[in-house]
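Have a look at the structure below before the remarks.
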Amino acid sequence: MLSILENLDLQQEERYFLSLAQESSQQLFEVIRDLLDFSQLDSGALGLKNEVFDLSEALHMGAGLLAAQAKEKGLELETSIHFTYPWYLGDRSRILQIIVNLLSNAVKYSDSGTIRLEAGDREGLEIRVIDEGIGIPESQQEEIFASFHQLESPYNKRVRGVGLGLAIVAELLKLMKGSISVESKEGQGSCFTVHLPDNFRKQTTESFVEEGPSIPADKIGGKILIVEDEAINRIYLSKMLSGHGFSIVEATDGHQAVERCVAESPDLVLMDISLPRLNGIEATREIHGMGKYRNLPIIALTAHAHTDDIDTFLKAGMSRVITKPVKEASLLESLSEYLKT
């Protein structure tokens, strides 16, 4: 909601306080997310899935998620990923979480230079994240995987958070029977190396390969159905997207979403998950169950950012998941993949 104010005619001081409010809300969101993840790990309530997936694609996706953040800081983000066979048996969402946490850490502690994601299968699965950041003092290298540990003195701290990112990575790898190590020189950068079991597969079955949605390449703009029961969220999304030239249709529950699809034939749906009468997952299945709309892109909007939840949404047929609070830049980037402009 705060991003709507960016488009208003604000004075310099008002813009300054707006930026502070946006930064604070994002920090709070990240703290809550990390605490929830670590709580599950610490209590032993978190289980792993076994599924065959394209590991190379997952690693490239992880790098893509951090590309914009790296670019904002003037950092180069490079990848070098080479596997004999692309298919891997393991928990895709958790491996992706590990990569995102390591890359995010590299971006946070780097002010210039290159961040590199490397992966290969010469001796099991080995993944490396290399940066040219501030490095880690030798005295702290054994402590960085502990809970609530951050680099630098708390009285001279430039990176905010609760220091759970690397602790989460280490605990996840223990569950996967893997390991992580670090080599670093203060002031020169760090190299984090992840080792995982050799669970590569020579081939997979068609059941593991999903086709993406089909959208005409010459589509300009498009009609978007916003399904959201909270009025303030609908207003935010509608105002933002109409300002970019999209035609907007609205629905307030799952049943209404199905009806609006039939009546309006939207090009894409933004679907909240927690809806009255018919939730977002059920509505998605009903919409895709109608032959005409089986390839209609449906993007989930949800506060349920846990990776298990995200897997559930994707398996229900949703094309992508965007966590709340929705950021304008992230949403527009996602829409551009389905609605060509």
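Since every read-out is calculated from the coordinates, none of them should be taken as a lab result. Predicted model only: the values in this text are computed from it and were never measured. For neighbour counting, all protein chains shown are included, and Cβ atoms are generated from backbone atoms with ideal geometry for every residue, glycine included.
Residue exposure proxy: Asp121, Asp253, ordered by other Cβ atoms within 10 angstrom of their Cβ from fewest to most, comes out as Asp121, Asp253.
Report note on the peptides 72-82, 49-59: ranked by the mean count of other C-beta atoms within 10 Å, highest first, their order is 49-59, 72-82.
Considering only DSSP states other than H, G, I, E and B, which GluC sites (Glu not before Pro) in segment 227-274 qualify as loop sites with at most 13 other Cβ atoms within 10 Å? Loop-located and lightly packed - Glu230.
Work through the residues other than Glu126 whose Cβ is under 14 Å from its Cβ and net out their charges, Lys, Arg +1 and Asp, Glu -1. Working shown, then result.
Working: positive: Arg116, Arg122, Arg128; negative: Glu118, Asp121, Glu123, Glu183, Asp198.
Local net charge: -2.
Here is the list for segment 90-142: GluC sites (Glu not before Pro) lying in DSSP coil, each with at most 15 other C-beta atoms within 10 angstrom of its C-beta, are Glu123, Glu142. Please compare each pair in Lys177/Lys315; Lys71/Lys223; Lys49/Lys315; Lys49/Lys174; Lys108/Lys174 to a cut-off of 21 Å on the Cα-Cα distance and tell me which ones are over it. Flagged as over cut-off: Lys177/Lys315; Lys71/Lys223; Lys108/Lys174.
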